[in-house]
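Visitor: Below you'll find the structure I mean.
No lab work stands behind these numbers, since they all come straight from the coordinates. Since we're looking at a predicted model, the values are computed, not measured. Here Cβ is always computed from backbone atoms with ideal geometry, including for glycine, and neighbour counts include all displayed protein chains.
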Amino acid sequence: MNEILITDLLDEQKCYELIRQIRWQDGVRCPECGSEEIRKNGHDNGLKHRQRYACKSCNKSFTDLTHTVIASNHIPIQHWMVCWILKDKMSNKQMAAALDLPPDTVAEMRYKLSDGIVIDSILKQWDWD
C-alpha cells in the first residue's frame, strides 16, 4: 500500500480512493450476497467521487460506503477520517472545534467509530505511528 499523508484526508477524492484501495483490496464484493460479479454503475449524484456499483448476482446497488458508519450521513468523509485518527488524541470539545461540529455530533461519531463498523476495519490497517 502506498504511503498515506494526513493531507490526503483533506481531499474528498483521495479519501474515496483510499477507502476503495483498502476496502476492496481483494476486489469489489457485493455487501449483500458476497458475489464478485460486480459492475461499476456511475458515481453518486451528490458526491462525485463515491463510486456506485451493481451486483450482477443479486441485482443490488451499493457504493463504496454501503454498510459503513459513514453511509447515509451528512458529515463529510474527511471529517470521519480525521475523527478516527484523532479520537484518542483529543477531547470531544477540542475535536468539535477543530472540525467545526457540535460536541454531541463528535461524541456520536467517536462512538460509532469505536464500535468497529466497517470503517474500523478499513482504517486500522493504516500505520499512523
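Visitor: FRET efficiency for Glu32 and Gln78, Cβ-Cβ distance as r, R0 = 22 Å, nearest 0.05?
Guide: Values: r = 27 Å, r/R0 = 1.25.
E between Glu32 and Gln78, to the nearest 0.05, is 0.20.
Visitor: May I pose another question? Just flag the chymotrypsin sites (Phe, Trp or Tyr not before Pro) in the range 1-73 sitting in loop per DSSP whose Cβ has no more than 15 other Cβ atoms within 10 Å.
Guide: Working: sites: Tyr16, Trp24, Tyr53, Phe62; in loops: Trp24.
When the chymotrypsin sites (Phe, Trp or Tyr not before Pro) of the range 1-73 are filtered for loop state and at most 15 Cβ neighbours within 10 Å, Trp24 remain.
Visitor: Could you pull out the trypsin sites (Lys or Arg not before Pro) across the range 60-108 that fall in loop regions by DSSP (anything but H, G, I, E, B) with no more than 11 other Cβ atoms inside 10 Å? All intermediate terms of the calculation are to be shown ahead of the outcome.
Guide: Values: sites: Lys60, Lys87, Lys89, Lys93; in loops: Lys60, Lys87, Lys89.
Taking the range 60-108 and a limit of 11 other Cβ atoms within 10 Å, the loop trypsin sites (Lys or Arg not before Pro) found are Lys89.
Visitor: Something else now. Apply 1/(1 + (r/R0)^6) to the Cβ-Cβ distance of Asp100 and Ala71, taking R0 = 22 Å, and write down the FRET efficiency to the nearest 0.05.
Guide: On the way: r = 22 Å, r/R0 = 1.00.
The computed FRET efficiency comes out at 0.50.
Visitor: Treating cross-link reach as a plain straight distance, find the lysines whose alpha-carbon is under 18 Å from the alpha-carbon of Lys87, omitting any fewer than eight places away in the same chain.
Guide: Lys112, Lys124
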